[in-house]
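The values are calculated or read from the model by the stated rules, or taken from the named source; none is laboratory data. Keep in mind it's a predicted model, so treat the numbers as computed, not measured. No Cβ is skipped: glycine too gets one built from the backbone with ideal geometry, and neighbour counts run over all protein chains shown. Calculation scope for accessible area: heavy atoms of the full protein, side chains included, ligands and nucleic acids excluded. Shrake-Rupley method; radii C 1.70, N 1.55, O 1.52, S 1.80 Å.
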Amino acid sequence: MNSYQKIMAGLIVGLLMLGLIQISVASVVSTGDFNKDFYIMWSPSHVSTSSDGRTRSLKLDQESGSGFSSNQKFLFGQIDVQIKLIPGRSAGTVVAYYLTSDEPNHDELDFEFLGNVVGQPYLLQTNIYINGFDNREERIKLWFDPSKHFHTYSILWNIHQIVFMVDGIPIRVYRNHGEKGVAFPMWRPMSIKASIWNGESWATNGGRDKIDWSKAPFIVSFMNYKIDACVWKGYARFCRVDSPGNWWNNNRFSTLTFRQRRLFKWVRKHHLLYDYCHDYKRFQFKLPKECSLPKY
């Protein structure tokens with residue numbers, strides 16, 4: 001091997017090592033400090049953060065709602081956050097925790113908590129936007145009072161599937177059936193956002209139950225978030241690869257486990273209120289293609 005070949009070989013090895021390093025650091029575990037990992041999107045006077053940065057609250061009153069967003073964007077991973085919702089009468093309020101690509105034809109994965117009147121359960125709506133199109137709503141009633149204690153809400157998003165979870169229980173699965181022509185978010189990195197806002201025109205009982213402003217301010221609290229995801233560096237292939245850093249893309253996470261399937265079926269049988277895949281009238285008996293395909 002002459003000197004030129006040695007130099008070229010060294011460059012190739014260096015590039016390969018750089019690629020391996022970039023892949024190995026793709027997975028990030030968050031700091032746990034809201035002040036370091038997130039910024040306030042609007043109404044800072046309505047956002048309260050503990051002195052150690054571990055807990056953050058958002059407030060809604062007649063003046064404004066509020067929200068925060070992650071400093072970085074991510075392409076695949078798992079996001080967990082513990083949330084304690086508004087106690088008492090919360091009708092008309094919406095608390096959102098979601099991933100979004102912030103583009104006109106955006107991708108988005110939504111948790112939306114719809115407030116209710118006293119004595120009626122909180123409703124949890126999930127939705128998926130791909131290329132700017134949604135119409136994929138599902139609603140469940142929670143099997144506990146989410147205003148009494150913190151509960152963990154998670155989104156697992158990998159190259160195989162999207163799984164929405166509550167306290168580790170899968171409540172919704174959206175599989176990657178791209179080979180069958182079903183849209184799936186594969187290319188656009190997303191930021192993590194949370195907000196509280198006035199949704200009284202639609203959120204509770206079809207908009208018939210309005211916000212009772214005498215109960216304001218309405219406060220929702222967040223803590224113990226965990227971001228284990230591929231930080232967007234401009235190279236989708238680093239996030240799509242199956243590597244130790246990108247554990248979520250491993251084949252073990254390509255479908256629900258046997259136990260997860262049992263829990264998923266339990267939620268669907270006892271707590272599902274609305275599934276767009278059952279709404280024949282809405283789609284004029286032409287349901288979206290994914291509705292006829294397996295979830296796992």
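Per-structure values
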quantity	calculated
Positive-end residue of Trp157, Ile83, Leu60, charge dipole of the chain with Cβ unit charges	Trp157
Residue-by-residue Karplus 3J(HN,Hα) for region 122-135, coefficients 6.51, -1.76, 1.60, Hz, glycine and proline x	4, 9, 10, 9, 10, 8, 10, 9, 9, 6, x, 9, 10, 6
Karplus-derived HN-Hα couplings along region 249-255 (A = 6.51, B = -1.76, C = 1.60, θ = phi - 60°), whole Hz, x at Gly and Pro	7, 4, 4, 4, 10, 7, 7
Centre separation in Å (Cα based) which lies between region 51-80 and region 261-296	30
Heavy-atom accessible surface of the chain: percent carbon and sulfur, 1.4 Å	55
Only Lys, Arg (+1) and Asp, Glu (-1) charged, at Cβ; region 178-260 dipole about Cα centre in debye	220
Percentage relative contact order, the chain, counting C-alpha pairs under 8 Å, at least six apart	26
Cα-Cα pairs of region 229-296 separated by more than 17 Å (percent)	64
Nearest-20 debye value, region 80-176 charge dipole, Cβ charges on Lys, Arg, Asp, Glu	460
Cα gyration tensor, region 149-251 - rounded (a/c under 1.5), prolate or oblate	prolate
For the chain, size of Cβ-based charge dipole, Lys and Arg +1, Asp and Glu -1, in debye	920
Cα-based helix-to-principal-axis angle, 258-270 vs the chain, degrees rounded to 10	30
Distant-in-sequence amide H partners of Asp209 (H built 1.01 Å from N, under 5 Å)	Thr204
Alpha-carbon Rg/Rh ratio, for the chain, with Rh computed the Kirkwood way	1.03
Mean Cβ count within 10 Å, highest first, over the residues of peptides 64-70, 91-97	91-97, 64-70
Dipole of region 247-292, positive direction: furthest Cα of His270, Ser254, Gln284, with charges on the beta-carbon	His270
Distance between modelled label sites at Gln120 and Trp42, nm, 7 Å Cα→Cβ extension	2.6
Residues with amide H under 5 Å from that of Leu123, placed H, sequence gap 5 or more	Leu114
Orientation-averaged projected area, Cα convex hull of region 146-187 (nm²)	3.6
Acute angle (nearest 10 degrees) that the helix 3-24 long axis makes with the longest principal axis of the chain, alpha-carbon atoms	20
Calculated from backbone phi, Karplus (6.51, -1.76, 1.60) coupling profile of region 110-121 in Hz, x at Gly/Pro	10, 9, 10, 9, 9, x, 8, 7, 4, x, 10, x
Residues whose placed amide H lies under 5 Å from that of Lys73, excluding near-sequence neighbours	Trp232
